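One structure is given below, encoded as structure tokens.
The values are calculated or read from the model by the stated rules, or taken from the named source; none is laboratory data. Since the model is a prediction, treat every value here as computed from it, not as a measurement. Backbone-built Cβ (ideal geometry, glycine too); neighbour counts: all protein chains shown. In case anyone asks, the SASA skips ligands and DNA or RNA and just uses the protein heavy atoms, side chains included. Shrake-Rupley method; radii C 1.70, N 1.55, O 1.52, S 1.80 Å.
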Amino acid sequence: MKKFIQTKGVSVTMIAIVCGLIGIPILFWFASVIVIGIGTLFIMLFCSGLLGLFQWKYVKKEIDMGYNQFAMYAFVGFGMCFVNFILLLNYTIKINSYSETYNFSRNGFYNQIIIEGDKRNISLERNLSTYMSEHADGAASSAKKVTITFDTGLFGFDMISDCKFKND
């Protein structure tokens, strides 16, 4: 292992950073299909970056890299890949399904969805707008209520699997 880290360590680190940079658009895609807040994503990235920094203790003697370069690897490479892996598992492994009904209205130039009442959730509004733009038919344009079927993934994050629009 020491020989591998000494000879291939910088290459592996650079590959991880490139994968992390490629992971940014993937992370945005996951945010559009999983009901998850942007703040939650930042906290997950920060915590997984800290987890990546703990590797420094084990590889600092064998790798020709400064701590600041390793920190970039930890947050951009390891952290981004780890968060995308968690979200991929959440997206592919569904453990529960449930439905809820919401009253909603449209606001603004782009007909932004706003959920009315105590159940307001900005992440859900964003995902519902995305779902409506991709799947909605003419009946959804005049609807005032929506029954959303959610799938809960392995890590507890919800995904919209189906919507039924009502004019009630």
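Figures for the structure shown
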read-out: Over the chain: helical MRE at 222 nm, DSSP H runs n ≥ 4 each giving -39500 (n - 2.57), nearest 500; value: -16500 deg cm²/dmol
read-out: Under-5 Å amide H pairs with residue 36, H placed in peptide plane, nonlocal only; value: none
read-out: For region 9-97: rounded, prolate or oblate by the Cα gyration tensor [a/c cutoff 1.5]; value: prolate
read-out: Of every Cα-Cα pair in the chain, the percent that sits beyond 29 Å; value: 37 percent
read-out: Förster-model FRET efficiency, 41 Å R0, residue 149 and residue 24, C-beta, rounded to 0.05; value: 0.90
read-out: Average accessible surface area per residue within the chain, 1.4 Å rolling probe, Å²; value: 60 Å²
read-out: Largest-first ordering by accessible area, 1.4 Å probe, given options 120, 106; value: 120, 106
read-out: Hydrodynamic radius of region 29-71 per Kirkwood, over alpha carbon pairs, in Å; value: 12.3 Å
read-out: Rounded to whole Hz, the Karplus (6.51, -1.76, 1.60) HN-Hα couplings of region 27-33, x for glycine and proline; value: 4, 5, 5, 4, 5, 8, 10
read-out: Residue list for region 37-78, given a label point 7 angstrom along the Cα-to-Cβ vector of residue 15 and an amide N cut-off under 14 Å; value: 78
read-out: Accessible-area composition of the chain, carbon plus sulfur, in percent [1.4 Å probe]; value: 63 percent
read-out: With Cα atoms, 0 to 90° folded angle of helix 38-53 axis to the chain main axis; value: 20 degrees
read-out: Sequence of 58, 73 from largest to smallest accessible area, 1.4 Å probe; value: 58, 73
read-out: Isotropically averaged projected area of region 53-110, using the convex hull of Cα atoms (one quarter of hull area), nm²; value: 8.5 nm²
read-out: Chain lengthening between residue 62 and residue 122 when straightened (0.36 nm per residue, less Cα-Cα); value: 17.0 nm
read-out: Largest to smallest accessible area among 18, 35, 146, 76 [probe 1.4 Å]; value: 18, 76, 35, 146
read-out: Degrees between helix 80-92 axis and first principal axis of the chain (Cα, 0 to 90, nearest 10); value: 40 degrees
